[in-house]
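Participant: Below are the structure tokens for one structure; questions will follow.
The values are calculated or read from the model by the stated rules, or taken from the named source; none is laboratory data. Since we're looking at a predicted model, the values are computed, not measured. Ligands, DNA and RNA are stripped out before the accessible areas are found, and what is left, the full protein with its side chains, is counted by its heavy atoms. Shrake-Rupley method; radii C 1.70, N 1.55, O 1.52, S 1.80 Å.
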Amino acid sequence: MASTSTPSPAAKAKTNNSSPGRVKEEDSSTHALRRLWLRYGQATHNAGRIAEKAVAAKGDEQANKDLGEAVVGVLKSNIDLRRAITHVEGKITGQAKETEALEGCMRSQPCVGRKRKRNGKA
């Protein structure tokens, strides 16, 4: 005989998820952090594979160039991951607006050795 019991509230929450692919607004920073963590892991793994190929190639300029690009990819993804971590940490401690203002200020400052971009010109 089949049981006709009602599902638990947890089971209802799982089945009533209207859009499993969508992220709620309050979870967007957590979603970005997860996405950037995966990107960082992929970049690190990719750089490791390319490093093994460069060691096997022993002096091949193309392999060294590929390795350099892979290392730059790891460093860029590390910067993006740290920025997302800082943003989530700011949300937790209640300093999100201050963090966003500081990042905006840092982006507007020229880098060492380069002039500030004005009207699309370097």
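Participant: Rank these by accessible area, largest first, 1.4 Å probe: Lys97, Lys91. Show your work: numbers first, answer last.
Facilitator: Details: Lys97 165, Lys91 95 Å².
Descending order: Lys97, Lys91.
Participant: At a 1.4 Å probe radius, which order do Val71, Val88 fall into by accessible area, largest first?
Facilitator: Val71, Val88
Participant: Whenever you get a sec, line up Ser77, Ser28 from highest to lowest accessible area (probe 1.4 Å, protein heavy atoms).
Facilitator: Solvent-accessible surface, decreasing: Ser28, Ser77.
Participant: Count the lysine pairs in the stretch 24-107 that are 8 or more places apart or on different chains: how many have C-alpha atoms under 30 angstrom apart?
Facilitator: Final tally of qualifying lysine pairs is 9.
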